[in-house]
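What follows draws every value from the coordinates through simple rules; no lab data is involved. What you see is a predicted model, and the numbers here were worked out from it, not measured in a lab. Glycine also receives a Cβ, built like all others from the backbone with ideal geometry; neighbour counts cover every protein chain displayed.
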């Protein structure tokens with residue numbers, strides 16, 4: 001998810017007949033949240049990084065591997081971005097990518113997480129500095145993780161349930 005000074009505005013409550021101010025910024029600094037969630041465990045792992053490239057994706061993949069439950073293997077749903085599909089990525093033994101079809105963001109529950117973070121914590125704000133952007137992104141992610149059951153409620157899909165596979 002990209003977050004930056006050119007941020008979105010969402011509806012807000014106001015007294016009838018008034019027009020609440022909606023702050024807007026025309027500057028272009030931004031950062032990126034690389035995040036993965038596990039609805040079954042109601043948790044996630046994320047890194048805030050300045051660029052989107054293969055190196056950033058490798059750090060994200062490594063972070064996912066550190067957060068997978070012992071004895072489990074994570075299936076990481078991903079779109080077909082070049083830095084997702086590159087052969088240069090080294091996946092940890094406990095995580096594997098699963099690429100969703102192009103043009104189908106509804107298959108990836110993380111898209112709903114990004115929407116929630118933007119609407120709840122990041123919209124209608126102006127960030128003075130790059131550090132403020134990074135701090136807001138980290139704060140939003142940490143607040144998401146602190147909400148009991150929030151990830152599970154947003155990201156659970158009936159067609160994507162954990163399974164136990166017994167090798168024979």
Kirkwood radius from Cα pairs of region 35-115 plugged into Stokes-Einstein at 25 °C, 0.890 mPa s, gives D in µm²/s equal to 186 µm²/s
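Kirkwood hydrodynamic radius of region 69-108 from all distinct Cα pairs, in Å?
Details: mean 1/r = 0.0892 Å⁻¹.
Kirkwood hydrodynamic radius for region 69-108: 11.2 Å.
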Give the Cα extents of region 42-168 along the principal axes, in whole Å, largest first. 57, 34, 31
Residue 115 versus residue 85, label points 7 Å from Cα toward the beta carbon: distance in nm? 2.5 nm
